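What follows draws every value from the coordinates through simple rules; no lab data is involved. Only a predicted model underlies this, so the values are computations on that prediction, with no experimental measurement involved. With ideal geometry, Cβ positions are generated from the backbone for all residues, glycine too; neighbour counts draw on all protein chains shown.
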Amino acid sequence: MGRMTIVVDNFSHDEALKRDWGFSAYIEDGETKLLFDLGNKPEVFEYNLNHLGIPLSEIQCLVISHSDYDHVGGLDQFLVENKKADIFVPQGFDHSLIKKMEAVGHRVVETHEPTKVCGRFMVTGRVDPSPRPEHSLYFKTDHGYWIVAGCSHPKVWNIVRVVRVATGENPYLYIGGYHFFRLFNGELEGVLRLVRESGV
């Protein structure tokens, strides 16, 4: 695989980057330039992109995991700077946001099953059960399949199961949101046990 750069996260791997609730990741793989999610606050998203030298105009594929505010915060900026990327969202995604993206010329694809995005990259399609429509990104590397998730509202083990069924392999790595917010003690231990048992 080429290179994955975390653009927005609660934790910073670079002291020059601003931290924020939410998530965004940029992946370069040969000719393929893909953006996964758009962070929370537009000003943080823009600042980090500029610091990292990532031009939105060159993105070929945008994958939006789900429509929660902390994953679509930079959408307006993206739509100003990029008019060509294909955009992939889970089936049942916020229709007003779809219309907004289509209005500036983007092709928007709603996914309900494993779907090729661009290059070697796939999305799971909408994973259920979940309190809101969400899909995740996955792709093959020299170390097996990697999964990049937004919030994991459908639960880590259900997302892993979809990738396992689609590929015939246990994923090697799972990165992004786990949605362990407000889980403590025994409840957290129970969730961690299910994650371990998923095989990732």
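Observations, loosely collected:
- Counting only helices (runs of 4 or more DSSP H) that fall entirely inside region 86-200 and contain at least 2 residues that are closer than 29 Å to Gly30 by Cβ, the qualifying elements are 95-103, 156-167.
- Boolean, Asp76 is surrounded by 16 or more Cβ atoms within 10 Å (Cβ to Cβ), of a type outside the set (A, V, I, L, M, F, W, C), under 27 Å from Asn10 (Cα atoms) and out of contact with any Asp or Glu (no Cβ under 8 Å at 6 or more places or on another chain): no
Condition check ((1) in contact with a strand residue (DSSP E or B) (Cβ under 8 Å, 6 or more places away or on another chain); (2) of a type in the set (Gly, Ala, Ser); (3) under 27 Å from Gly2 (Cα atoms); (4) surrounded by fewer than 19 Cβ atoms within 10 Å (Cβ to Cβ)) across all residues:
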| residue | (1), (2), (3), (4) |
| --- | --- |
| Ile147 | yes, no, yes, no |
| His153 | no, no, no, no |
| Arg193 | no, no, no, yes |
| Glu197 | no, no, no, yes |
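- Residue under evaluation Ile54, criteria (1) crowded, with 16+ Cβ neighbours inside 10 Å; (2) out of contact with any helix residue (DSSP H, G or I) (no Cβ under 9 Å at 6 or more places or on another chain); (3) among the hydrophobic types (A, V, I, L, M, F, W, C); (4) more than 15 Å from Glu134 (Cα to Cα), criterion not met: (2)
- Test: residue in region 26-39 that is of a type in the set (A, V, I, L, M) and over 15 Å from the mean Cα position of the chain (by Cα): no
- Cβ pairs under 7 Å, 6+ apart, first in region 151-173 and in contact (Cβ under 8 Å) with a residue 60 or more places away in the chain, second surrounded by 22 or more Cβ atoms within 10 Å (Cβ to Cβ): Cys151/Ser65; Cys151/His66; Cys151/Glu134; Cys151/Gly177; His153/His66; His153/Glu134
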